[in-house]
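**Student:** I have a structure here, written as structure tokens, and I will follow up with some questions on it.
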């Protein structure tokens, strides 16, 4: 754990699922992301880590996986996910931040991180944490907000924005909301132990005028075709990248799962509604079925 904790974007108390997705006129974006995930996800798997799971919007799409860990920093979002998905052994709900993941190395064979990286002030550090949790050869599907999109290019050329979409540095357009250059994301993936396999360009048609005047079926058909241009160029507002974990990481042993985010030990003593680290004695509560590993 780093001495200086990067800032965390907290959706605690937010009605994000309702206001943004259900009532925000974003059926097109949701359908487009569903198509991208279907293209990139392995047909089946054992244990999937969903980073930034929120209220579980994408979780039902991971149909081929035996078990899914939904991780989010917000208890509010995870409680909504429980309401939407229910309680079963297939779903494990974990409150934690991505900079301090509470899992042993080599645990997961697949991970997804959708609409989450853009909240990371230290994206490379977040990707390093993700890689540590993955087995060798694991699949990682990352979505990120693309700085070099057509709208930003046009706004820059017509002098309606000051920052350049062509430079490599990230741009923070709102507090803890970042757009990234595709070249930098590819560099971070390579430097943190991933080999890029495929890129999809998603939601090219994310303009209100198009969504108002074109039927959803046409928008999704067009997006379905445009996604396939992702390996050639990335000019869409959203990019999906499928990568594979490289290097040698031993697969977690049977029975290993959580580790203490403070001392990194993996021996816990269950005690009522909490887990107690057998190494540092730190107590981690279990709140209504949610394992709370948030480091305050």
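We did not get these values from a lab; they are worked out from the coordinates using the rules stated. From a predicted model like this one, the values you see are computed outputs, not experimental measurements. Virtual Cβ from ideal backbone geometry, glycine too; neighbours counted across all protein chains shown.
**Student:** Can you sort 21, 284 from fewest to most other Cβ atoms within 10 Å of each residue's own Cβ? Working shown, then result.
**Tutor:** Working: 21 16, 284 21.
Fewest-to-most ranking of 21, 284: 21, 284.
**Student:** Expected output is a single nm value to one decimal: the length gained when fully extending between residue 14 and residue 124, i.e. 0.36 nm times separation in residues minus the C-alpha distance. What is it? Kindly include the intermediate steps, with their values, before the conclusion.
**Tutor:** Numbers: separation 110, 0.36 × 110 = 39.60 nm, distance 2.66 nm.
My answer for the length gained is 36.9 nm.
**Student:** Moving to a separate point now. For the chain, take the longest principal axis of its alpha carbons; what is the angle in degrees between that and the long axis of helix 182-191, to the nearest 10 within 0 to 90?
**Tutor:** 30
**Student:** Just to verify a number: FRET efficiency for residue 151 and residue 4, C-beta to C-beta distance, R0 = 30 Å, to 0.05? Can you show the working numbers first?
**Tutor:** Working: r = 34 Å, r/R0 = 1.14.
Calculated value: 0.30.
**Student:** Here's another thing I want to ask about it. Could you tell me what percent of the DSSP beta bridges with both partners in the chain are antiparallel, to the nearest 5? If you can, show how the numbers build up before the last one.
**Tutor:** Values: 27 of 51 bridges.
The antiparallel fraction comes to roughly 55 percent.
**Student:** If I model a spin label as a point 7 Å beyond the Cα along the Cα-Cβ vector, how far apart are those points for residue 136 and residue 286 in nm?
**Tutor:** 3.4
**Student:** Run the numbers on the chain and let me know its relative contact order in percent, using alpha-carbon pairs under 8 Å that are six or more apart.
**Tutor:** Values: 592 pairs, mean separation 59.0, N = 296.
Relative CO of the chain lands at 20 percent.
**Student:** Which of 154, 78, 226 moves most in a GNM of the chain, Cα contacts under 10 Å?
**Tutor:** Of the options given, 154 has the highest mean-square fluctuation.
**Student:** Evaluate E = 1/(1 + (r/R0)^6) for residue 232 and residue 43, where r is the Cβ-Cβ distance and R0 equals 30 Å; express this FRET efficiency to the nearest 0.05. Show your work: numbers first, answer last.
**Tutor:** Working: r = 26 Å, r/R0 = 0.86.
Working from the Cβ atoms, E equals 0.70.
**Student:** Fully extended, how many nm does the chain gain between residue 224 and residue 159 (0.36 nm per residue separation, minus their Cα-Cα distance)?
**Tutor:** Numbers: separation 65, 0.36 × 65 = 23.40 nm, distance 3.18 nm.
The residue 224-residue 159 span can extend by a further 20.2 nm.
**Student:** How much FRET efficiency would the formula 1/(1 + (r/R0)^6) give for residue 251 and residue 88, where r is the Cβ-Cβ distance and R0 is 25 Å, rounded to 0.05?
**Tutor:** In this case the efficiency is close to 0.50.
**Student:** Find how many whole Å separate the alpha carbon centroid of the stretch 1-69 from the alpha carbon centroid of the stretch 244-296.
**Tutor:** What the calculation gives is 22 Å, centre to centre.
**Student:** Here is a follow-up. Give me Rg/Rg_expected for the stretch 132-209, where Rg uses Cα atoms only and Rg_expected = 2.2 N^0.38 Å with N residues.
**Tutor:** Against the compact-globule rule of thumb, the ratio is 1.29.
**Student:** Determine, at each q value in 0.15, 0.20, 0.22 (inverse angstroms), the log₁₀ of I(q)/I(0) that the Debye formula gives when each Cα of the stretch 1-111 is one equal point scatterer.
**Tutor:** -0.71, -1.19, -1.34
**Student:** Please check: in the Gaussian network model of the chain (C-alpha springs, under 10 Å), which one of 236, 273, 170 has the largest mean-square fluctuation.
**Tutor:** Answer for the Gaussian network model of the chain: 273.
**Student:** Between the stretch 90-106 and the stretch 118-132, what is the C-alpha centre distance in whole Å?
**Tutor:** Using only Cα atoms, the two centres lie 13 Å from each other.
**Student:** Could you check the spin-label model distance between residue 264 and residue 23? Points 7 Å from the Cα along Cα→Cβ, value in nm.
**Tutor:** Calculated label separation equals 4.6 nm.
**Student:** For each of 295, 239, count neighbouring Cβ atoms within 10 Å of the residue's Cβ, then give the residues from fewest to most. All intermediate terms of the calculation are to be shown ahead of the outcome.
**Tutor:** Working: 295 16, 239 26.
The fewest-first ordering by Cβ neighbours comes to 295, 239.
**Student:** Give me the compactness ratio for the chain, meaning the Cα radius of gyration over 2.2 N^0.38 Å.
**Tutor:** On the way: Rg = 19.2 Å, N = 296, 2.2 N^0.38 = 19.1 Å.
The value comes to 1.00.
**Student:** Could you list 201, 116 in order of exposure, starting from the residue whose Cβ has the fewest other Cβ atoms within 10 Å? Numbers along the way, then the final one.
**Tutor:** Values: 201 25, 116 22.
So the ranking, lowest neighbour count to highest, is 116, 201.
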